[in-house]
Amino acid sequence: MSARLRRFGAILAVGVMAVTSLSGCGRLMSQVGALTAVGGDRVAAVGAAADDILIRERVQVMQWPQCSEAKKAVSCTGAALDGVPITVESDGSSPLTMTITVGTRELFRGEVQPILNEAAGQKP
Amino acid sequence: MSGLSRRDFLALTGVLAGAVALPAGALGSALAAPTLATDVPTTLLQTIRYGPIARGTYRTLQNAPGESFLERIDLLGKAPAAGRAASRRSLCYVGHFSDMHIIDGQSPARLEPMLGQDASLWAGAFRPHDALTVHVASAMVAAMTEARRSPLTGAAMTAAVVTGDSADMHSRYELDWYIDMLDGVTVTPNSGAVGVYEGVQAWAEATYAYHPEDPNDPFGILGFPRLPGLLSAAVSQPVPSVGLVSPWYSVYGNHDTLLLGTFPIGTDLQGWATGDRKAALWPALGVGAFRGLAADASVFTQLFNRLQDQLSAQWGIRRITSDPGRRLFNQQEFMQAHLDSPSAPGPVGHGFTPANIDSGQTWWSADFGPFVRAFGLDTCNQVVGADGAIPQDQFEWLKEQLAIATRENKLAILLSHHNSLTLENDAVPDEGPTQPLIHADEFIAAVLEFPNVVAWLNGHTHINTIQAHQRAGGGGFWEITTASCIDFPQQQQTVEIVDNRDGTLSLFTTVLDHRSPADYTDGDFSVVGLASLSRQMAANDVNENPTMRLGSLSDRNCELLLPSPFDLSTITDAQIQVAQAEALARVVAFEQKAPK
């Protein structure tokens with residue numbers, strides 16, 4: 001399922017808050033909380049684009065970046081074969097951008113979507 | 001370690017050949033003949049990528065070079081031994097389907113008009129290729145069946161799994177069509193009037209939809225093709241399926257549990273689903289179908305009844321041919337349909353047993369050959385919401401079963417619909433008993449207590465993704481998420497567990513494109529032509545982010561290494577030969593019957 005239901009959830013939340021302010025029912029709030037989009041899209045996009053950059057730049061990887069999301073921001077950590085840390089940071093802004101750092105070297109800074117499009121064979 | 005003696009080998013092949021009615025020498029010859037990677041059409045040899053723009057922003061697709069295995073050592077923590085390729089032996093070879101999203105596009109219970117309310121919000125409610133999902137399933141089953149022998153080792157497929165979201169909108173037709181495709185039963189993907197498409201893609205007022213007869217709509221402006229006759233061809237021609245060779249197993253997805261994978265199904269919606277009215281515009285849907293959604297006396301009742309009061313007019317509804325076959329299935333019917341499917345390729349119930357029907361327990365375990373035990377989980381929330389969690393009772397059952405598998409020296413693989421990025425649903429019912437819902441972090445930590453778990457196969461996000469879950473002190477398990485049959489790239493995969501005989505295991509993941517041409521030829525309404533068209537439209541779906549769903553090279557064809565969880569030399573070559581001969585007997589029997 002890929003429908004983005006966040007806004008719908010927000011609309012419902014307004015109505016439900018009116019109801020629950022009277023009833024104080026946490027169970028209903030649990031249902032409203034569940035009406036969010038399928039998770040994972042932003043994490044997956046940043047993770048895939050970062051991995052493709054590491055491959056393109058021929059970085060020897062021991063641990064491919066593992067990504068997590070908090071308040072739209074995505075951060076990923078991994079390690080090169082020589083143990084040097086790999087970090088990926090994205091603040092979740094639109095358009096989605098990221099910065100990849102290997103040790104102290106900034107490997108990439110820029111937009112995520114063009115990386116994904118190019119990997120899929122799209123040429124401008 | 002020695003394998004079977006010649007005498008034992010001949011005796012085994014004789015017994016197995018007799019069991020599947022093969023000529024005596026056929027199985028022995030097949031066992032002796034190695035399979036080469038070049039014999040198996042997978043993305044190792046060739047894949048599909050975007051081609052030039054045809055019209056507007058609409059892009060064609062074209063063949064692209066294959067992708068070889070990328071070695072991942074996240075869980076090994078060191079370079080693997082160079083000589084392992086020469087000594088490896090296959091323990092289990094699994095086909096992985098997920099998110100097939102079979103659609104009856106003429107069902108009144110669909111929510112397509114919501115796309116007209118907000119296209120970005122309701123992207124999954126309608127796709128331009130909604131009428132072509134059975135054609136894609138047929139082509140995907142063909143691809144999986146062509147990969148019935150491993151491109152790496154030649155081992156025969158042990159089992160196939162379907163990790164949920166098989167039926168898109170709860171129609172009984174959708175449930176039956178998905179099962180039929182896997183079983184090799186021909187389907188004519190139509191409901192209502194015979195040979196006539198009655199749905200939003202034929203109705204001019206449904207301006208949010210793609211109209212292939214006259215694409216004077218947002219899709220046409222983008223360059224989607226004009227294809228007169230497409231819809232009637234899609235619903236009138238029978239779609240054959242070659243069927244799977246191996247036994248296949250299934251788990252629930254959120255679309256198999258809730259309407260649009262998100263909303264509870266009320267009793268009023270049942271009447272709407274089988275009736276003779278279908279909404280073309282979203283305000284009409286609010287009046288009709290949402291009344292059913294709101295029949296559960298929850299908070300939704302209050303909100304949707306308010307909506308109904310505000311939208312009292314009946315405009316935007318069309319008369320269609322009613323069909324009782326469009327009824328919405330319930331949880332028990334989902335399992336019963338699997339129990340009722342043909343015994344071949346089996347197994348009966350596809351993981352579910354009569355005990356599941358009796359108890360209402362929607363999860364199961366099964367052995368995939370002698371060395372691997374699979375655990376089919378139900379991570380879907382029964383109340384509301386697309387994402388999932390593990391209920392406490394199922395969590396406790398899993399831990400007990402994993403302890404047993406550990407004692408029995410079985411490698412374990414977990415199967416679920418949701419993945420670790422989407423296990424955070426907290427919804428509980430308005431009233432009645434509840435139980436804790438386990439989320440991703442707790443689930444992964446518990447699974448890491450069992451070194452025998454080597455893989456977790458899942459879907460849900462429609463994105464090729466591979467994640468390593470490390471155990472403190474070394475090892476861990478691989479989480480492997482496959483793309484879907486509905487969104488681009490419309491890919492599925494195989495996973496092979498291989499003993500490297502050096503204290504390590506490798507899991508080889510191989511991505512499959514469905515067996516249809518990369519480049520669609522306008523006007524080709526054959527089954528493979530329509531499957532090809534579906535992929536091309538999915539690649540151009542402006543309500544999606546198609547390129548993201550490919551994942552990275554590190555998410556597709558990979559060798560995923562990890563330390564062996566126990567001494568695998570306890571598994572003898574003779575045991576492996578017997579297991580592979582049993583699986584290969586099915587393959588050879590299939591090949592003897594299949595048309596050349």
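Counting other Cβ atoms within 10 Å as a rough exposure proxy, the listed residues B:H514, B:H417 run B:H514, B:H417 from fewest neighbours to most.
Farthest toward the positive end of the dipole of chain B, out of B:V200, B:I497, B:Q580, is the Cα of B:Q580, where the dipole comes from beta carbon charges about the Cα centre. Cα centroids of segment B:127-149 and segment B:507-573: 11 Å apart.
Taking a Cβ cut-off of under 14 Å around B:I576, the surrounding Lys, Arg, Asp and Glu residues balance to a net charge of -2, with basic ones at +1 and acidic ones at -1. The magnitude of the dipole of chain B, with charges of +1 and -1 set on the Cβ of Lys/Arg and Asp/Glu and taken from the Cα centre, is near 1480 debye.
Counting, for every residue in B:381-387, the Cβ atoms of other protein chains within 10 Å of its Cβ and taking the mean gives 6.
In chain B, the calculated helix contribution to ellipticity at 222 nm averages -8500 deg cm²/dmol per residue, counting -39,500 (n - 2.57) for every DSSP H run with n ≥ 4. In segment B:340-445, Cα pairs under 8 Å separated by at least six residues give a relative contact order of 26 percent. Rounded to the nearest 0.05, the FRET efficiency derived from the C-beta distance between B:D214 and A:T87 at R0 = 51 Å is 0.45.
Computed from backbone phi, the HN-Hα couplings of segment B:183-192 come to 7, x, 9, 5, 10, 9, x, 9, 9, x Hz, rounded to whole numbers (Karplus: 6.51 cos²θ - 1.76 cosθ + 1.60, θ = phi - 60°; Gly and Pro given as x). Computed from backbone phi with θ = phi - 60° and the Karplus coefficients 6.51, -1.76 and 1.60, the 3J(HN,Hα) list for segment B:338-348 is 5, 5, 7, 6, x, 6, 10, x, x, x, 4 Hz; x is used for glycine and proline. Basic side chains Lys and Arg get +1 at the Cβ, acidic Asp and Glu get -1 at the Cβ, and with that the dipole of the protein assembly as shown about its Cα centre reaches some 940 debye.
Net charge in the neighbourhood of B:D499 (other residues with Cβ under 12 Å of its Cβ; Lys, Arg +1, Asp, Glu -1) is 0.
Length gained on full extension, B:K593 to B:V196: 139.4 nm, using 0.36 nm per residue less the C-alpha separation. With respect to chain B, whose longest principal axis is taken over its alpha-carbon atoms, helix B:133-146 is tilted by about 10°. Count Lys and Arg as plus one, Asp and Glu as minus one, and take only other residues whose Cβ is under 14 Å from that of B:A86; the net charge is then +2.
Dividing the mean sequence gap of close Cα pairs (under 8 Å, 6+ apart) by how many residues chain B holds gives a relative contact order of 22 percent. Suppose R0 equals 45 Å; then what is the FRET efficiency for B:T321 and B:R7 from their Cβ-Cβ distance, rounded to the nearest 0.05? With R0 = 45 Å, the Cβ-Cβ based efficiency is 0.10.
Taking amide H atoms as placed 1.01 Å from N in the peptide plane, the amide H of B:R373 lies under 5 Å from those of B:F368, B:L411, B:A412, B:I413, each 5 or more residues away in sequence or on another chain. Once Rg and the Kirkwood radius are both taken over the C-alpha atoms of the protein assembly as shown, their ratio Rg/Rh works out to 0.95. Relative contact order of segment B:511-562, taken over Cα pairs closer than 8 Å and 6 or more residues apart, is 28 percent. For A:R58, B:R172, B:R373, B:R535, the sequence from fewest to most other C-beta atoms within 10 Å is A:R58, B:R373, B:R172, B:R535. Helix B:392-407 and the long axis of chain B differ in direction by around 20°, with both axes built from C-alpha atoms. For chain B, the longest principal axis of the alpha carbon atoms and the long axis of helix B:299-310 meet at an angle near 30°. Residue by residue along B:426-437, Cβ atoms of other protein chains within 10 Å of the local Cβ number 3 on average. Please work out the Cα center distance from segment B:23-99 to segment A:27-90, rounded to the nearest Å. One Cα centre to the other: 26 Å. Look at the Cα gyration tensor of segment B:57-172: its axes a ≥ b ≥ c give a/c of at least 1.5 with a/b over b/c, and that counts as prolate. Shielding of peptide A:42-50 by partners, expressed as the average count of other chain Cβ atoms within 10 Å per residue Cβ, is 6. Per-residue packing, averaged as other Cβ atoms within 10 Å, sorts the ranges B:62-73, B:521-532 into the order B:521-532, B:62-73, beginning with the highest.
Scalar couplings 3J(HN,Hα) for segment A:45-53, obtained by applying the Karplus form with A = 6.51, B = -1.76, C = 1.60 to θ = phi - 60°, are 5, 5, x, 5, 5, 5, 4, 5, 5 Hz; x denotes Gly and Pro. Could you tell me which of rounded, prolate or oblate describes segment B:6-92, using a ≥ b ≥ c as the square roots of the eigenvalues of the alpha-carbon gyration tensor, with rounded for a/c under 1.5 and, failing that, prolate when a/b is larger than b/c and oblate otherwise? Oblate, because a/c is 1.5 or more while a/b does not exceed b/c. Given R0 = 22 Å, the distance between the Cβ atoms of A:R56 and B:Q46 translates into a calculated FRET efficiency of 0.55. Taking a point 7 Å out from the Cα of B:V185 in the direction of its Cβ, the residues of segment B:242-273 whose backbone N falls within less than 18 Å of it are B:242-251. Annotation: the residues B:T422, B:T461, sorted from fewest to most other C-beta atoms within 10 Å of their own C-beta, follow the order B:T422, B:T461. Each label was represented as a point 7 Å from its Cα along the Cα-to-Cβ direction; for A:Q113 and B:D522 these points are 2.8 nm apart.
Coordinate-derived values only; no laboratory data. Predicted model only: the values in this text are computed from it and were never measured. Quick reminder, even Gly has a Cβ in these numbers, built from the backbone with ideal geometry, and neighbours come from all protein chains shown.
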